[in-house]
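The block underneath contains the structure these notes are about, expressed in structure tokens.
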Amino acid sequence: MALTAGTKLGTYEIIATLGAGGMGEVYRARDAKLNRDVAIKVLPEQLAQDPAALGRFEREAQAVAALSHPNILAIFDFGTSAPESPGSAAKASTVTYAVTELLEGSTLRARLADGAWPVRKAVDVGVHIVRGVAAAHERGIVHRDLKPENIFITNDGVVKILDFGLAKANPGGAGAEAGATRIADTTPGTVLGTVGYMSPEQVRGVTLDHRTDIFSFGAILYEMLTGQRAFRGDSHVETMNAILKEDPPDFSTAALNVPGALERVIRRCLEKQPSERYYSAHDLAISLEAFSGASSTSHASAAFAAVADAGARSTPAKRPMMRPGIAAAIVAAGALAFFAGRATSPQAHPTQPDMKRLTYRRGPVMSARMAKDGTTFVYSASWDGSPRQVYAARSDSTESLALPYLNADVVSISSKGDLAIIQNRRQSSGYSRPGTLARATMTGGASRDVLESVQDADWLPDGSGFAVSHVVDGKYQLEFPIGKVVYKTDGWMSHVRVSPDGRKVAFLDQPIIGDDRGTLSIVDASGKKLSLSIECESTQGMAWTPSGNEVWFSCAANGLARAIMAGSMDGHARTVLRVPGSLFLGDIGADGSVLVSHDNERMAAVVLAPGETRERELSWLDWTQVNMLSDDGHTALLTEAGEGGGKGYSVFVRKTDGSAAVRLGTGAGLAISSDGKWVIAQKIETSPEQLVLMPTGAGEARALTNDDITHVQARFLPDGKRFIFNGYKPGKPPRAWVQSLSGGDAVPVSPEGVVVGLLTLDGTRFLARDLDGQRKIFPVDPAAGPSEPVRPLDPSDGIIRILDPRTAFVRRPGSDGAVQISRVDLGTGAHTPMLTIVPPPEAGSAVTGGISIVISADGRAYAYNYTATNSDLFLVKGLR
């Protein structure tokens, strides 16, 4: 029923009609209690008569009202009342209504009438939309009907999302737009959403989650940038079919001047499978901020906006286990000029941060911390190819004092000036390198061991003990303090930092062991956890601000280059500093000054092909990882895990004679079959990670697995019909499994906690380390008998390849970064030296640090990775 001016609903008096449609009538009204104008939406009759729908609406309205987010339409009240018309004694039937804030402006649909928007304007509005969506998702509220009609822009430029929590009506009502929502329900089999902005799962009528809103937002942003709908057809059915099967037209044909990186952000939102979209709206917001005028609070970032935008047009990606490189030398040079204070623009803002360079040698900086005085800092580095060592220095000098702590990283400095260092890190997987926690001094005295198998640690504020990321029985756990477990994970944890008040500990929570993707998490002494849900593609380095209100951390949300981000206690994040290249946050001083490393590195691959005497470069793009050589040594399996490889990495095969590489698809390469015709790859963008079989020639890739196991490694078995892999189920330790290439369930073949080196002896047995850390031979069929110890191998022997039940290739570290390869008799332990690999001078000690070496079955061909890294430490003041 329509309400006339003067009609009262409870304490509200209707002033005028604002609009009407299938979702109810909306009125301007006066709130007599608070003396303000409000908007009242009278809900459709079919909703008011449905107790279940009405109850759900009331619960969601209460949750939205509690949000009080600036980008969500505020809900003030909810009720049921009989309208009282002026001058009428007749009693009308009751109506159900919602009271919201009154907005002056227009919908995004009306704003789109003039066509496509400029990139910056569209992204700025998009960021505000996503922030509102993210806030609602945190409360478990999914909009389910995002569209331009439900986005409102006030006359002051404030973006508001309408109808969060308001149930949707059948489109048959008067005034309903074509294709409006049928009903707001998440029950499978129910179709909901607006045609053209529905997600594929909405079209299918299956169960929805928060990622349906991410898809709808992608369609909205596409339309803002192009002036065209992402999915359209001559009928509703054709539009739905396009959503299920087609991709929107390329931006090159639909719009001008849209950065390639921004296009990739939108296309990720519009992935057909929810698992391939952004995991959360927070992640999406961080990605969009790179293109937004509000992406950084630092004037320094604005000074390099043009360079950063140019770099953003390259494909964003992340390496699984190595620190990222910089895409181009000119970008690195621009960053170095910026850090050195050589920016000459006359428009420089007077409050631009002050940056002082602290180191001038060649090599990688691995860690850096500041002492309480704010002028002394301690760091670890591998200068000029020498072993990793700890150094002390002052900000007023260019000289560094070498401390007697070799193969060590400094992880914390106590309030009394004592050091916490991690010594003798062992290679576990990628960045997962636990070692021995020890106490040391800046005066160079002998260190004292505290705890073994520690990834990272931090002093408690009073210097009485530590919080540690501790590896126990192969599993990572956070102890705060040592001995008190407050958090466990199936992944791993790094960069542990205790809050200034000693009540909380922050850490980088990383789901794939050894991979530096992850997010910032905070845990208190009771184990209560807060996570930012940003899922950085690369995250390394983190520190609390002196106030304890924020944690700053290094994060590449969608690409190679890490920026400095700030995470607040309410779970939100902002960008502090973004420059061309990659930043590594070391520490924050008491005065707010920041110790940061600017890194320039790349990963390369080298091969010695069969029958040749000289090595050649095997690298293809910017971050080439060599995974395996075929049995004959003529084909290499590569993973391009950098910017060139794209989101989710890329799998390539390349002939070792130097022929061009051939891209097989998205993922990380794991194994190549003995005949070289097939490759097993890991789809790292799925959760949990699954395996795919890819042909190296003609044919189509197909899924090998689809289960709840996280798959982390794999090898073909010699029979060519099965494969063996490492993996773990939720909450369970990793173990080895065997599965048929033709399908079926995976069969566990090792005890929990025992993972194979994926080096099978003869197809019936495999080599692994038992829970006691000893190398043993396990049968592929557990019923075949118990494990057997492998006695002849020295602990320093790293097995590269097993040829048969009695023979293996092993490596041992040599002098000056060289690696000695030998053939070993597994029965007698006799070593026969075969060759010595000497990496290029720029590689330093990288090869001996656990980076892979692969070798052919006859030992006549090999390949290996190395990283070339240079870091510069800077002391930055003036960041906010």
Residues that are over 19 Å from residue 749 (Cβ atoms) and either in a loop (DSSP other than H, G, I, E, B) or of a type in the set (Val, Ile, Thr) (or both), drawn from the stretch 689-711: 689, 692, 696, 697, 698, 699, 700, 701, 706
Quick one: residue 402 ticks every box in (1) open to solvent by 60 Å² or more (accessible area, probe 1.4 Å); (2) of a type in the set (Gly, Ala, Ser); (3) under 24 Å from residue 362 (Cβ atoms) bar one, so which box is it? (1)
Taking the conditions exactly as written (open to solvent by 10 Å² or more (accessible area, probe 1.4 Å) and either of a type outside the set (S, T, N, Q) or part of a loop (DSSP other than H, G, I, E, B) (or both)), does residue 541 satisfy them or not? no
Could you list all residues from the stretch 195-211 that are among the charged types (D, E, K, R), surrounded by fewer than 22 Cβ atoms within 10 Å (Cβ to Cβ) and modelled with pLDDT of 90 or more? 201
Looking only at residues in the stretch 12-52 that are basic (Lys, Arg) and surrounded by fewer than 15 Cβ atoms within 10 Å (Cβ to Cβ), which one is farthest from the chain's Cα centre (by Cα)? 33
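Answer yes if at least one residue in the stretch 675-688 is touching an Asp or Glu at 6+ places or on another chain (Cβ under 7 Å), in a strand (DSSP E or B) and not hydrophobic (A, V, I, L, M, F, W, C), and no otherwise. Explain how you work it out, then say what you get.
Our first condition is that a residue be touching an Asp or Glu at 6+ places or on another chain (Cβ under 7 Å); within the stretch 675-688, this holds for 682-683, 685, 688.
Now drop any that are not in a strand (DSSP E or B), which leaves 682-683.
From what is left, the residues that are not hydrophobic (A, V, I, L, M, F, W, C) are 682-683.
Yes, there is a match, as at least one residue in the stretch 675-688 is touching an Asp or Glu at 6+ places or on another chain (Cβ under 7 Å), in a strand (DSSP E or B) and not hydrophobic (A, V, I, L, M, F, W, C).
Conditions tested, residue by residue: (1) within 25 Å of the chain's Cα centre (by Cα); (2) over 20 Å from residue 511 (Cα atoms); (3) buried (at least 23 other Cβ atoms within 10 Å of the Cβ).
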{"site": "631", "(1), (2), (3)": "no, yes, no"}
{"site": "638", "(1), (2), (3)": "yes, yes, yes"}
{"site": "651", "(1), (2), (3)": "yes, yes, yes"}
{"site": "672", "(1), (2), (3)": "no, yes, yes"}
{"site": "678", "(1), (2), (3)": "no, yes, no"}
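Anything in the stretch 212-257 that is among the aliphatic types (A, V, I, L, M), part of a loop (DSSP other than H, G, I, E, B) and modelled with pLDDT under 90? List them, or say none. Before you say what the answer is, go through the steps one by one.
To start, the set of residues in the stretch 212-257 that are among the aliphatic types (A, V, I, L, M) comprises 214, 219-221, 224-225, 230, 237, 240, 242-244, 254-256.
Adding the requirement that they be part of a loop (DSSP other than H, G, I, E, B) leaves 230, 255-256.
Within the stretch 212-257, 255, 256 qualify.
For residues in the stretch 712-730 being part of a loop (DSSP other than H, G, I, E, B) and open to solvent by 60 Å² or more (accessible area, probe 1.4 Å), which is nearest to residue 628 (Cα to Cα)? Walk me through it before giving the result.
Going through the stretch 712-730, the residues part of a loop (DSSP other than H, G, I, E, B) turn out to be 717-721, 729-730.
Filter once more, keeping what is open to solvent by 60 Å² or more (accessible area, probe 1.4 Å): 718-719, 721, 729-730.
Details: 718: 15, 719: 18, 721: 19, 729: 26, 730: 29 Å.
Per the criteria, the residue is 718.
Looking only at residues that are part of a strand (DSSP E or B) and more than 10 Å from the chain's Cα centre (by Cα) in the stretch 520-538, which one is modelled with the lowest pLDDT? Quick ask: steps written out before the conclusion?
Going residue by residue through the stretch 520-538, those that are part of a strand (DSSP E or B) are 520-524, 529-531, 536, 538.
Narrowing further to those that are more than 10 Å from the chain's Cα centre (by Cα): 520-524, 529-531.
Details: 520: 92, 521: 92, 522: 94, 523: 94, 524: 91, 529: 89, 530: 86, 531: 83.
So, considering only residues that are part of a strand (DSSP E or B) and more than 10 Å from the chain's Cα centre (by Cα), the one modelled with the lowest pLDDT is 531.
Filter the stretch 518-538 down to the residues that are out of contact with any helix residue (DSSP H, G or I) (no Cβ under 6 Å at 6 or more places or on another chain) and open to solvent by 30 Å² or more (accessible area, probe 1.4 Å) and list them by number.
Kept after step one, since they are out of contact with any helix residue (DSSP H, G or I) (no Cβ under 6 Å at 6 or more places or on another chain), are these residues of the stretch 518-538: 518-532, 536-538.
Selection gives 524, 525, 526, 528, 529, 530, 531.
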Of all residues in the stretch 358-391 being in a loop (DSSP other than H, G, I, E, B) and open to solvent by 40 Å² or more (accessible area, probe 1.4 Å), which is nearest to residue 456 (Cα to Cα)? 388
Looking across the stretch 392-423 at residues that are within 32 Å of the chain's Cα centre (by Cα) and among the hydroxyl-bearing types (Ser, Thr, Tyr), the single one that is nearest to residue 453 (Cα to Cα) is 412
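Restricting attention to the stretch 588-610, and to residues there that are in a strand (DSSP E or B) and under 17 Å from residue 553 (Cβ atoms), which single residue is most open to solvent (accessible area, probe 1.4 Å)? Outline the logic, then answer.
The initial filter retains those residues of the stretch 588-610 that are in a strand (DSSP E or B), namely 588, 594-608.
From what's left, under 17 Å from residue 553 (Cβ atoms): 588, 594-599.
Numbers: 588: 21, 594: 2, 595: 1, 596: 2, 597: 3, 598: 4, 599: 0 Å².
Among residues in the stretch 588-610 that are in a strand (DSSP E or B) and under 17 Å from residue 553 (Cβ atoms), the one most open to solvent (accessible area, probe 1.4 Å) is 588.
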Mind listing just one residue for me: the one in the stretch 68-95 that is modelled with pLDDT of 70 or more and of a type in the set (A, V, I, L, M, F, W, C) and, of those, farthest from the chain's Cα centre (by Cα)? 82
Spans of strands (runs of 3 or more DSSP E) in the stretch 761-880 with at least 2 residues in contact with a helix residue (DSSP H, G or I) (Cβ under 6 Å, 6 or more places away or on another chain) and modelled with pLDDT of 75 or more: 862-877
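Would you call residue 488 in contact with an Asp or Glu (Cβ under 8 Å, 6 or more places away or on another chain) and not hydroxyl-bearing (Ser, Thr, Tyr)? Steps first, please.
Working: in contact with an Asp or Glu (Cβ under 8 Å, 6 or more places away or on another chain): no; not hydroxyl-bearing (Ser, Thr, Tyr): yes.
Against the criterion (in contact with an Asp or Glu (Cβ under 8 Å, 6 or more places away or on another chain) and not hydroxyl-bearing (Ser, Thr, Tyr)), residue 488 does not qualify.
Would you check which residues across the stretch 131-152 are touching a Lys or Arg at 6+ places or on another chain (Cβ under 6 Å), more than 10 Å from residue 213 (Cβ to Cβ) and open to solvent by less than 10 Å² (accessible area, probe 1.4 Å) and list them?
Filtering the stretch 131-152 for residues touching a Lys or Arg at 6+ places or on another chain (Cβ under 6 Å) gives 145, 148-149, 152.
After this cut, where a residue has to be more than 10 Å from residue 213 (Cβ to Cβ) as well, the list is 148-149, 152.
Hit for the stretch 131-152 is 148, nothing else.
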Of everything in the stretch 450-509, what is in contact (Cβ under 8 Å) with a residue 12 or more places away in the chain, assigned to a strand (DSSP E or B), hydrophobic (A, V, I, L, M, F, W, C) and open to solvent by 30 Å² or more (accessible area, probe 1.4 Å)? Give them in sequence order. 450, 451, 472
How about the stretch 421-449: which of its residues are without any contact (Cβ under 8 Å) to a residue 60 or more places away in the chain, surrounded by fewer than 18 Cβ atoms within 10 Å (Cβ to Cβ) and hydrophobic (A, V, I, L, M, F, W, C)? 446
What pairs can you find where one residue is in the stretch 271-285 and within 12 Å of residue 201 (Cβ to Cβ), the other is open to solvent by 50 Å² or more (accessible area, probe 1.4 Å) and of a type in the set (Asp, Glu), and their Cβ atoms are less than 6 Å apart, with a gap of 6+ or different chains? 277/271
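The values are calculated or read from the model by the stated rules, or taken from the named source; none is laboratory data. If you're wondering where the values come from, they're calculated on a predicted model, not measured in any experiment. Positions of Cβ are backbone-derived with ideal geometry, glycine not excepted, and every protein chain shown enters the neighbour counts. Calculation scope for accessible area: heavy atoms of the full protein, side chains included, ligands and nucleic acids excluded. Shrake-Rupley method; radii C 1.70, N 1.55, O 1.52, S 1.80 Å.
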